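Chemist: Let me give you the structure first, and then I'll get to my questions.
Read-outs throughout are calculated quantities, based only on the coordinates presented, and are distinct from any laboratory measurement. Note that this is a predicted model, so its numbers are computed, not measured. Ideal geometry is used to build each Cβ from the backbone, glycine not excepted, and the neighbour counts take in all protein chains shown.
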Amino acid sequence: MIVDDHVEMRRLLRNALNHLTSEFVECADGAEAVTVFSQQRPDWTIMDVTMKGMDGLEATRRIRSQSPAARILVLTQHDTPVIRREALEAGASAFLSKDQLREVETVLTGSGGIGSRDKAP
């Protein structure tokens, strides 16, 4: 599942990762992501932080409270120590800056990755 309020970013990620899976779910905000996650149970969620309505950190907290094994990669342009810490405290499995787009596949395939944290089974 790709959660980002910018359709161009969702398309970029989908195109970059389409060789990993043929099925993507896309959401434009955190509230939609929480609802769709409970219905679809994706293998991974790529979550932006800054979105209108419910932001990605709150959506991450809610998804992880529903499903503690959910794997969420927070991918944001706001790479500060505070945001990084808040993302991991919210339950993110990994954190990357949008400057590190080449690392997304590495995190999703379990080959490590910059900013990755313990990955849920």
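Chemist: Based only on other Cβ atoms within 10 Å, what is the fewest-to-most ordering of Val82, Val34, Val74, Val107?
Modeler: Listing Val82, Val34, Val74, Val107 from fewest to most nearby Cβ atoms yields Val82, Val34, Val107, Val74.
Chemist: Next question, about the same structure. With an 8 Å Cα cut-off and a minimum separation of 6 or more residues, compute the relative contact order for the chain in percent. Please report the intermediate quantities before stating the final value.
Modeler: Working: 198 pairs, mean separation 24.5, N = 121.
Worked out over the chain, it gives 20 percent.
Chemist: Indicate, rounded to the nearest 5 percent, the antiparallel portion of the DSSP beta bridges found entirely in the chain.
Modeler: 10 percent
Chemist: Between (i) 13.7, 45; (ii) 12.6, 35; (iii) 13.4, 39, which entry matches Rg and Dmax of the Cα atoms in Å as derived from the coordinates of this structure?
Modeler: Given (i) 13.7, 45; (ii) 12.6, 35; (iii) 13.4, 39, the structure-derived one carries the label (ii).
Chemist: With a 10 Å Cβ neighbour count serving as the proxy for reagent exposure, in which order, fewest first, do Phe24, Phe37 appear?
Modeler: Ordered by Cβ neighbours within 10 Å, fewest first: Phe24, Phe37.
Chemist: Taking H placed 1.01 Å from N in the peptide plane, check which residues at least 5 places from Met51 or on another chain put their amide H under 5 Å from its amide H.
Modeler: Gly56
Chemist: For the chain, what does -39500 (n - 2.57) per DSSP helix run (n ≥ 4), summed and divided by total residues, give at 222 nm, in deg cm²/dmol to the nearest 500? Kindly include the intermediate steps, with their values, before the conclusion.
Modeler: Details: 5 runs with 48 residues, N = 121.
Computed mean residue ellipticity for the chain: -11500 deg cm²/dmol.
Chemist: Quick one: order Ile46, Ile2, Ile83 by neighbouring beta-carbon count within 10 Å, fewest to most.
Modeler: Fewest-to-most Cβ neighbours within 10 Å comes out as Ile83, Ile2, Ile46.
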